[in-house]
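To keep things clear, I will list the structure first and then write my remarks on it.
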Amino acid sequence: MRLVAILCALFAISYGQAIWGGGNGTWNSGGSWTGGLPSDSAIINATGSFLVSINSPVTLFTSLTLGGSGSLPNLFINGSSLAVPTLNLISGTLTVLNGTVSVGGKILVNANGTVVINVVSGSIQSFVGGTEVAKGQLELIGNAALANSYKIANGSALLLAGSHTASSCQFSGAGTVSLSGSLNLANDADCSVQTNTFVLAGGFLNSTAASTAEFASLVINGANSTIQGIQVQATAVSLVSGSLNIATSASLTVEGSLNVTTSGVV
């Protein structure tokens, strides 16, 4: 019985929850974790701003939670990989440089403010559950490849501020998608927005093939936005400010209302 108890204790330590103790460091620094180096689930929510670097492959069996109240971590995937079933983003930044992040289930954003994913080079992908912004804002900068589904809850937002490509992208929910960077649809990709608002905030929506984008509500607000090589269909269009340039091989079909609330040019 004593041996069984010891083995159970060792199992709990090996496969239990590990919490980052704070400050800058590398993931494999066992002394930086409360509960030892994680293999099951990990939480990085220490107070303040700090950098945690992953320089060699990491695989977790359950989940990774980034951020919390008063916590602004930067988890830096540096030329390596992170594989995890569930990725919970509460605050801070996830940076990928020449690396990969593979999420077997869902990427869940539950933020009080804005969580940032910066894909400088490499990739981040959720294979089954897609990405859900349940609270707050998720800002994608850098060069992320969009795939699978993006569900944005009421009052929440997905901010596309970098240069992104998509083989397919489906946006749903009652929240907002805002494009201030560029979104390039590859091949015959379809971009679908089911219920939420899509804002062109000086963004560039482009396709290299005969792609379509279906929006429930399209808003042009801020700077000069462009659509090119794509057929855009919208139930309602609102022009708040700035301009919309309908460039080569592009079209805009408004199936419902066209509203000019302040000033702008189409």
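The values are calculated or read from the model by the stated rules, or taken from the named source; none is laboratory data. As the structure is a prediction and not an experimental result, all values here were calculated from the model. Please note: Cβ atoms are built from the backbone with ideal geometry, for glycine as well, and neighbour counts cover all protein chains shown. Quick note on the areas: whole protein, heavy atoms, side chains included, nothing else; ligands and nucleic acids left out. Shrake-Rupley method; radii C 1.70, N 1.55, O 1.52, S 1.80 Å.
Structure summary
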| quantity | calculated |
| --- | --- |
| Count of segment 1-36 residues which are at pLDDT 95 or above and of a type in the set (A, V, I, L, M) | 2 |
| Pairs where the first residue, in segment 73-85, is under 12 Å from residue 123 (Cα atoms) and in contact (Cβ under 8 Å) with a residue 40 or more places away in the chain and the second is open to solvent by 40 Å² or more (accessible area, probe 1.4 Å) and assigned to a strand (DSSP E or B), C-beta under 9 Å, 6+ apart | 77/97; 77/98; 77/100; 77/122 |
| Segment 154-174, residues that are open to solvent by less than 60 Å² (accessible area, probe 1.4 Å), under 12 Å from residue 131 (Cβ atoms) and over 11 Å from the mean Cα position of the chain (by Cα) | 156, 169, 171, 172, 173 |
| Qualifying residue in segment 250-264 (condition: of a type in the set (Val, Ile, Thr), open to solvent by 40 Å² or more (accessible area, probe 1.4 Å) and at pLDDT 85 or above) | yes |
